[in-house]
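Chemist: Okay, here's the structure, questions in a sec.
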Amino acid sequence: MGFFDRFSSKPPSKDDFAKLVMDRIHQAGEKNKIVYEPEEFRLRGEGKQTAALYLANAYQEYCTAPDDVREKVLKHWVRNWFSVLKEAPEEFEDAKHDLMPVARSRWHFESTALQGEVEGGVPTSWLCRSAKLPPLCSAKLPCYLERRRGLPSSK
């Protein structure tokens, strides 16, 4: 992004936006290296406690915001990056202002677990196990996770 580009309302390219967000995250205090993955359009931190930020929503919000609001949008997404460092409050009263109900499909949780497994992270299928739900595989879909773990397929 050139010097004069900052004064126009033309949105940056995706790569320029990713660099802008990375710079702002580092300015806000991130010490670990941040990797930009253009094929996923996400930022991923490297280190002991890492964060990942998918940039599609941030980019859309930034590009559609009026010029005088864009800085506020950036600050929101930079704060989002550091949310993994924030401990969950002990009391509901301390947390209720941050809560927002969201309806998600079952596939959202299964795909997140699958992605964590493929990328070598900790799978998040604990959510379905803790709710005592049958795996999504029972819906006649091949189950990659069951095969990986050597569990019998549920058909």
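Chemist: Looking at the range 8-62, which of its residues are of a type in the set (Ser, Thr, Tyr) and farther than 16 Å from Val84 by Cβ?
Modeler: Initial filter on the range 8-62 (of a type in the set (Ser, Thr, Tyr)): 8-9, 13, 36, 50, 54, 59, 62.
Across the range 8-62, the qualifying residues are Ser8, Ser9, Ser13, Tyr36, Tyr59, Tyr62.
Chemist: From the residues in the range 91-117 that are part of a helix (DSSP H, G or I) and of a type in the set (S, T, N, Q), which one is nearest to the chain's Cα centre (by Cα)?
Modeler: Only one residue tops the list, namely Thr112.
Chemist: List every residue pair whose Cβ atoms sit under 6 Å apart, with the two residues 6 or more apart in sequence or on different chains, where the first one lies in the range 56-73 and is in the same structural domain as Asp16 (by TED's automatic domain parsing) and in a loop (DSSP other than H, G, I, E, B) and the second, anywhere, is modelled with pLDDT of 95 or more and surrounded by 11 or more Cβ atoms within 10 Å (Cβ to Cβ).
Modeler: Ala65/Val73
Chemist: Among the residues of the range 24-67, which ones are at pLDDT 95 or above and either among the aromatic types (Phe, Trp, Tyr) or touching a Cys at 6+ places or on another chain (Cβ under 9 Å) (or both)?
Modeler: Selection gives Tyr36, Phe41, Tyr59, Tyr62.
For every residue, the table says whether it meets (1) more than 27 Å from Leu20 (Cβ to Cβ); (2) aromatic (Phe, Trp, Tyr).
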residue: Asp67; (1), (2): no, no
residue: Val73; (1), (2): no, no
residue: His76; (1), (2): no, no
residue: Asn80; (1), (2): no, no
residue: Phe92; (1), (2): yes, yes
residue: Lys96; (1), (2): yes, no
residue: Ser105; (1), (2): yes, no
residue: Leu114; (1), (2): yes, no
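Chemist: Now, a different point. I'd like to check something: does the range 38-48 contain any residue that is part of a helix (DSSP H, G or I) and surrounded by 11 or more Cβ atoms within 10 Å (Cβ to Cβ)?
Modeler: Among the residues of the range 38-48, not one is part of a helix (DSSP H, G or I) and surrounded by 11 or more Cβ atoms within 10 Å (Cβ to Cβ), which makes the answer no.
The values are calculated or read from the model by the stated rules, or taken from the named source; none is laboratory data. It should be emphasised that the depicted structure is a prediction, and the values quoted were computed from it without experimental measurement. Every residue, glycine among them, receives a Cβ derived from its backbone with ideal geometry; neighbour counts consider all protein chains shown.
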